[in-house]
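Enquirer: The structure that follows is given in the form of structure tokens.
The values are calculated or read from the model by the stated rules, or taken from the named source; none is laboratory data. Note that this is a predicted model, so its numbers are computed, not measured. Here the Cβ positions follow ideal geometry from the backbone for every residue, glycine too, while neighbour counts run over all protein chains shown. Note: areas computed on protein heavy atoms with side chains; ligands, DNA, RNA excluded. Shrake-Rupley method; radii C 1.70, N 1.55, O 1.52, S 1.80 Å.
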Amino acid sequence: MVPAWLWLLCISVPQVTLETQDRRVLWGPQPVLVRVKDENDQVPHFSQAIYRAQLSQGTRPGIPFLFLEASDQDEPGTANSDLRFRILSQAPAQPFPDMFQLEPRQGALALSPKGSTSLDHALEKTYQLLVQVKDMGDQASGHQAIATVEVSIIESTWVPLEPIHLAENLKVLYPHHIAQVHWSGVDVHYRLESHPLGPFDVDAEGNLYVTRELDTEAQAEYMLQVWAQNSRGEDYAAPLELHVLVMDENDNVPVCPPRGPAVSIPELSPPGTEVTRLSAEDADAPGSPNSHIVYQLLSPESEDGVEGRAFQVDPTSGSVTLGALPLQAGQNILLLVLAMDLAGAEGGFSSTCEVEVEVTDINDHAPEFTTSQIGPISLPEDVEPGTLVAMLTATDADLEPAFRLMDFAIERGDMDGTFELDWEPDSGHVGLRLCKNLSYEAAPSHKVVVVVRSVAELVGPGPGPGATATVTVLVERVMPPPKLDQERYEASVPISAPAGSLLLTIQPSDPISRSLRFSLVNDSEGWLCIEKVSGEVHTTQSLQGAQPGDTYTVLVEAQDTDEPRLSTSVPLVIHFLKAPPAPALTPAPVPSRYLCTPRQDHGVIVSGPSKDSDLASGHGPYSFALGPNPTVQRDWRLQTLNGSHAYLTLALHWVEPREHIIPVVVSHNAQMWQLLVRVIVCRCNVEGQCMRKVGRMKGMPTKLSAVGILVGTLVAIGIFLILIFTHWTLSRKKDLNQPADSVPLKATV
């Protein structure tokens, strides 16, 4: 073998040219680097000719229990030294010929899945494997070596552990041995985990130790897990679990609850009333005698030195109750109760608990009003909500401030919530305030009954219901100012509109109950006028000086006819529109259409100006809108269908049956026109056909004419029958007057 390193040669020869691959190297009297190629001239060999291993039952498949070692002297990192391991044969081949598996690169020998499930020590005690190692990697060629592996199957000693009981505060030398685990195979390492983390450890022999004293109160039990692993940290089998229980000792004193504020007990409370319940705690193990606490009453001493059996204590529950001796209001008593563990047995620990008891007054007086009748009080119906109506005062004869707290409520006379009460929690004064507007028409008077009750529950013999006081309120009628159906009116009119043009109608919001007179204010140009009764707004003259796009604002004042001092005013804004190019405001007459009332699913198609119309300045699209009249906008609805047509329908369910003229504003390219659509609203039958009242039509037969026609027909039929009968009679007579020879003879036989 020639090692694969570089030789440094110093050769003094004549200059020679040596070609290596595509590179020329000049040889001369100078050092030359030469690389020597390695040849596969070394045979791999095992570290041992015979390997012996012990295999424990229960070993998991794929976990190596033996590592084969082999070497090759060829250059490392080349195929010549790339070794592969494999099993050549297994003896015996029962129950399966592939009971084992060998990792080809690492030489790790382990059980196969079949071998793990079928390994039985009772059938086979030893297996002999013939193994091979070969160089040249996965190539077919190469040198090889053979070794023998003897595997002894031994019984598993990896068995479950019984729970261990350890006394707390154990005084021994630590670490203290507590148990041992053992894996029957070789090459084993042990690992331990504690749940929760505790003072435990394991050594290389599988011995388990506790390293310091345990405390039941800190942790009463631990769960230890121990793993058996190979040198690579792989688990041979599932971990063993060891349950460690820490035994409790009576090393804790009962702890009384901290002394809190005094416990209040009402006077005259019956015997057996629970004052408090003591709950001392013992940090020893729950449920053990070490933490079993019982109670004993030592002394019910009071500040004035009076002793007696006014209290009792239950030994088991710690409940402190009242005894037969009555208590007096104002007493302060200090109770001393002994809490003992070990159920009071000798040798246990004890603590003294303190409870302070205060005897308090009882709430046996109901509050009362100083005055039971207030009023009558007169209020105008337009008084603002929040106004104080009356102030009431109540008193309570109890001495305890908590029992003097009173609660007020309106008991009767305020079903709609017109009034409310306002008071301070610690005050005996309550104010009756208005929280809604009064109405003379709805209720000209009110009798409000206010009740007062104690906030705390009343006790004692017959405390009785809460006291009441009645407040009488008289409502003075106040007429509100008139109100119109809109808070702001707007109308649009072309600047070329003639005098007398109707713009809109002003209407009251309630035209039935009130009568108003209308007038205009701030009409500086004198362009408008309004009908005093009907509220119709007209132009009084031509709108000379108005420009398209300008607005003109006046005030409409409405005055109550019966109460002239009551009035209201709203703004009216006039929008001036561009005058249409043609003198006429209306295109070709729109034919009358019929609509049904009550409203049905029918409407009227409205079209824009036609191409031949003088008003049409070009093609659409057109925009459609109802005229500015509020009545029209209330009763009708206009829906645009497309750029040339709109759909007119009723907006209300019922409209008065008559002929209606509906103004429709059509606009296009800053130009506007007004169409007057004539619609007849009528009642309809079930088929949706309009029913109209009609008069008697000319030429239609009456009853007398019908009778005359019938009589004439019968007379004509009679005359016709008489003529036929007369003709038949004359013909018969003519036949009888003929001579005998003129009668043809009948032939005889």
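Enquirer: Compute the accessible area per residue over the stretch 45-154, keeping the other protein chains in place, probe 1.4 Å, unit Å². Don't jump to the answer; show the numbers that get you there.
Expert: Working: 5420 Å² over 110 residues.
Result: 49 Å² per residue.
Enquirer: Turning to a different aspect of this structure: How big is the antiparallel share of DSSP beta bridges in the stretch 489-577, given as a percent to the nearest 5? Before the final figure, lay out each step's value.
Expert: Details: 21 of 27 bridges.
Within the stretch 489-577, antiparallel bridges account for around 80 percent of the total.
Enquirer: Now a separate question. Quick check: residue separation of Asp562 and His727 times 0.36 nm, minus the Cα distance between them. What number comes out in nm? The partial results should precede the final answer.
Expert: Numbers: separation 165, 0.36 × 165 = 59.40 nm, distance 9.52 nm.
Roughly 49.9 nm would be gained on extension.
Enquirer: Might you tell me the accessible area per residue for the stretch 489-577, computed with a 1.4 Å probe and given in Å²?
Expert: On the way: 4440 Å² over 89 residues.
The answer is 50 Å² per residue.
Enquirer: Label the stretch 164-247 by shape, choosing from rounded, prolate and oblate, from the square roots a ≥ b ≥ c of the eigenvalues of the Cα gyration tensor; if a/c is under 1.5 it is rounded, and otherwise prolate applies when a/b is larger than b/c, oblate when it is not. Don't jump to the answer; show the numbers that get you there.
Expert: Values: a/c = 2.75, a/b = 2.01, b/c = 1.37.
Prolate.
Enquirer: Continuing with this model, one more query. Between Ser118 and Val159, how many nm apart are label points set 7 Å from Cα along the C-beta direction?
Expert: About 2.8 nm, to one decimal.
Enquirer: Another question about this same structure. Give, as ranges by residue number, the residues of the stretch 219-259 whose backbone N falls under 11 Å from the point 7 Å along Cα→Cβ of Ala167.
Expert: Counting backbone N atoms under 11 Å from the label point, the list is 247-250.
Enquirer: Please work out, to two decimal places, the log10 of the ratio I(q)/I(0) at q = 0.12, 0.19, 0.22 Å⁻¹ from a Debye calculation in which every Cα of the stretch 263-360 carries one identical scatterer.
Expert: Debye output, listed in q order: -0.41, -0.85, -1.04.
Enquirer: Pop out the carbon and sulfur fraction of the accessible area of the stretch 103-253 as a percent, whole number, probe 1.4 Å.
Expert: Working: 3980 of 7670 Å².
For the stretch 103-253, the apolar C and S fraction of the accessible surface comes to 52 percent.
Enquirer: Taking all protein chains in place and a 1.4 Å probe, what share, in percent, of the accessible surface of the stretch 263-360 do carbon and sulfur account for? Can you show the working numbers first?
Expert: Numbers: 2590 of 5120 Å².
The value for the stretch 263-360 is 51 percent carbon and sulfur by accessible area.
Enquirer: If you find the alpha carbon centre of the stretch 363-380 and of the stretch 404-435, how far apart are they in angstrom?
Expert: Each part's Cα centre sits 11 Å from the other's.
Enquirer: Related question: Give me the accessible area per residue for the stretch 164-247, probe 1.4 Å, as a whole number in Å². Walk me through the numbers before you get to the answer.
Expert: Working: 4140 Å² over 84 residues.
Per residue, the stretch 164-247 has 49 Å² of solvent-accessible surface.
Enquirer: Also: Please report how far the C-alpha centroid of the stretch 192-224 lies from that of the stretch 330-349, rounded to the nearest whole angstrom.
Expert: Taking the Cα centre of the stretch 330-349 as reference, the centre of the stretch 192-224 is 39 Å away.
Enquirer: Carbon-plus-sulfur fraction of the accessible area of the stretch 489-577, 1.4 Å probe, in percent?
Expert: On the way: 2070 of 4440 Å².
Within the stretch 489-577, the accessible surface is 46 percent carbon and sulfur.
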